[in-house]
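Colleague: The structure follows.
Readers should treat all values here as calculations from the given coordinates under stated rules, not as data from a laboratory. Worth saying up front: this structure is predicted, and the values here are computed from it rather than measured.
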Amino acid sequence: MPVQPESLERETVYSLLADRVREYLLCHLSTVDRTTVPDAAERLAVWSRETSELCVRERDGIAIQLVHNHLPRLAEHDVVVYDRSSDAVATGPNFADLEPYVDPLEPPRV
């Protein structure tokens, strides 16, 4: 029988939600369940600018942040499942611990 991940502690939840990029990523995942790094980076770049104009430099910067910082941190706590070889990102077993804090987020309209 597989071991179930433990629920996240309150401090961990607050820490994971403390960054705007992670917050936007979790908001995006609450609506799609699964994405890729390039798709998420593009969506997050648009949201961070609050406009539909996409800056390639911003998108690439966000993708680098996702791969080297945010996704490993979220994966460490089983909030997301990240497959580095395919750039696939999906909600993980502990995503539900953050979902009550993510649902009320309203991404900027584009």
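Colleague: If a/c stays under 1.5 just call it rounded; otherwise compare a/b with b/c (prolate if a/b is bigger, oblate if not). Do that for region 2-47, with a ≥ b ≥ c from the square roots of the Cα gyration tensor eigenvalues. List each step's numbers first, then the result.
Modeller: Details: a/c = 3.13, a/b = 1.52, b/c = 2.06.
Oblate.
Colleague: Let me ask something else about it. Collect residues whose amide H, placed 1.01 Å from N in the peptide plane, falls under 5 Å from the amide H of Val81; neighbours closer than 5 in sequence don't count.
Modeller: Result for Val81 returns Ala90, Thr91, Gly92.
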